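Written out below as structure tokens is the structure these notes cover.
The values are calculated or read from the model by the stated rules, or taken from the named source; none is laboratory data. The structure displayed is predicted, hence computed values, not measured ones. Note that we place each Cβ from the backbone using ideal geometry, even for glycine, and neighbour counts take in every protein chain shown. Only protein heavy atoms, including side chains, enter the accessible area calculation; ligands, DNA and RNA are left aside. Shrake-Rupley method; radii C 1.70, N 1.55, O 1.52, S 1.80 Å.
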Amino acid sequence: MGRVWIYALITAVATTWVTVPAPSSAEEPAGRDVIAQMFGWNWRSIGHECQATLGKLGYSAVQTSPPEEHSLWPDKGFPWWQSYSAVSYKLDSRFGTRDELAAMVRSCHEAGVQVYVDAVINNMSATTDCSIGSALTPYCHYWYPAVPYTERDFHHCGTPHDSVENLADRSQMFNCQSFNGADLATGDDSVRDRIAGYLNDLLSLGVDGFRIDSAKYIPPEDIAAIEQRLSRRAYVYQEVIYGWGEGVQPEEYLATGAVMDLRYAGTLSQIFRHGRLAWLRTFSSALPSDNTVVFVANHDTEHNGSTLTYADGERYTMANAFMLAWPYGRPKVLSGYAFNSYDEPPPSDPLGRAMDSRCGDGHWLCEHAWPGIGGMVGFHEQVHGQPVVGWSDNGGNRISFGRGSAGYLVLNGEDFPADADVYQTSMPAGSYCDVLHGAVEGGSCTGPSYQIDGAGLLHADVAAQSGIALHTGAIIAE
């Protein structure tokens, strides 16, 4: 399941293009690679947001929640994680219908934004009972007539409850149930065919790629065999949770794509919460940059509190700004909703269906459009391929660095302002909009602007727990 219940700096998501056929309907321009994870958003709302903000801000892709039919738990208040308890491959979920999904894909493509789907293919439902799914399909734990799957299509490893009991045991990881989800026998060709049929159905609607949920519990060779059955190329990223001494490690999945690395998120969170920003000078993670998807928080870590979350306020914004300015990995930004308990679902109607997202209503956070995050997407695109230059720090929580001559970032994580400081940049002289706090509109900046002189010097006051971000795509008229 997509849930992380124990803090274990997790690696999730391997990503690469697989198969070759037809080009995607929404090609990524060079330097435009930031993913927005629209967690809990329904299809209508994502389609609207692609047009209204995501495309305009420069996001390359949106990651959706799982679209397949799933279990319903009204007695638990329709928790967010029920979407990871698969019932069938019908595209009818709490987030919308098949037609609404197809309309969302078209709308996003029109805005130049690709669509990546969170795909649950390791397991089916996590209930031991029989019930009715979100598309009104009857099912039991090892019986899914709408696919169809029967008991022989699942692993039965012989441990108590057929569950993973020893994470160091590779055989258990691949052949036993995790989080009580009925574990599919992905080594069988017939199961591979049905999984690939589901993914190909999504590709037929224009979907551009997949996040493979719980990939750590699927042998890499099984994922490769499924990828070989895809009808056209797709961007694939796999959830592979890192754990010291465990029997399955993220590096094994680099052959089937890149890996989304929670070690990055965990370390970044520790530095911003308890460390010194000066330690970021050589920041990276254990996996190759060009095969890694990085993030500050995802839906799992936000709910279990193992990384920074929106509740961390300015530190959360600064961490996202650093991620988008630093040349490591492919960034993914989480955009979700406010919650008070682990299980709390997105704002939903009485039947558990996700309601339309409305930024600023007190429920939907819309972090993807926050000035300190949304404005940095353009910064990330502008400085693509440029080296880190001119690093400076105070030994504590104030840092600054440039990206070639294309951009410059200052972050002050201290609890006191940095007044009348001078920063040596490599940027050309001019007046620049601070994209951490504003945007260029009609030749002027909606927030503060700063002057860089002919010697590349920036004179600025920087408030506590704040920063400045300037780039050559945000020059304004003097």
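General remarks:
- Lys216 falls short on exactly one of the conditions (1) open to solvent by 30 Å² or more (accessible area, probe 1.4 Å); (2) farther than 17 Å from Glu68 by Cβ, and that condition is (1).
- Test: Ala265 is more than 29 Å from Ala311 (Cα to Cα) and either crowded, with 24+ Cβ neighbours inside 10 Å or basic (Lys, Arg) (or both): no
- Complete set of residues in the range 451-469 that are more than 14 Å from Gly438 (Cβ to Cβ), under 33 Å from the mean Cα position of the chain (by Cα) and in a strand (DSSP E or B): Val462
- Residues of the range 453-478 that turn out to be over 23 Å from Gly443 (Cα atoms) and either modelled with pLDDT under 95 or of a type in the set (A, V, I, L, M, F, W, C) (or both), as a count: 4
- Residue in the range 381-392 that is open to solvent by less than 30 Å² (accessible area, probe 1.4 Å), outside any helix (DSSP H, G or I) and under 18 Å from Gln63 (Cα atoms) present: no
- So Gly378, is it within 18 Å of the chain's Cα centre (by Cα), touching a residue at least 60 places away in the same chain (Cβ under 8 Å), outside the structural domain of Val435 (by the TED database) and on the phi > 0 side of the Ramachandran plot: no
- Neighbours by Cβ (under 6 Å, 6+ apart or cross-chain): first from the range 195-211, in contact (Cβ under 8 Å) with a residue 24 or more places away in the chain; second assigned to a helix (DSSP H, G or I) and of a type in the set (Gly, Ala, Ser): Leu205/Ala102
- The range 292-309 residues that are crowded, with 24+ Cβ neighbours inside 10 Å and among the aromatic types (Phe, Trp, Tyr), paired with ones that are part of a strand (DSSP E or B) and modelled with pLDDT of 95 or more (beta carbon under 9 Å, 6 or more apart): Phe295/Ile35; Phe295/Gln37; Phe295/Pro331; Phe295/Lys332; Phe295/Val333; Phe295/Leu334
- Unique match (being among the aliphatic types (A, V, I, L, M) and under 19 Å from Ile35 (Cα atoms)) among Leu230, Leu262: Leu262
- Residue check for Gly438: within 18 Å of Ala369 (Cα to Cα) and either at pLDDT 95 or above or touching a strand residue (DSSP E or B) at 6+ places or on another chain (Cβ under 8 Å) (or both): yes
- Criterion (among the acidic types (Asp, Glu) and either surrounded by fewer than 20 Cβ atoms within 10 Å (Cβ to Cβ) or touching a Lys or Arg at 6+ places or on another chain (Cβ under 7 Å) (or both)) met by exactly one of Asp434, Asp419: Asp419
- Residue within the range 360-367 that is closer than 19 Å to Gly31 by Cα, in contact (Cβ under 8 Å) with a residue 24 or more places away in the chain and either of a type in the set (A, V, I, L, M) or open to solvent by 10 Å² or more (accessible area, probe 1.4 Å) (or both) present: no
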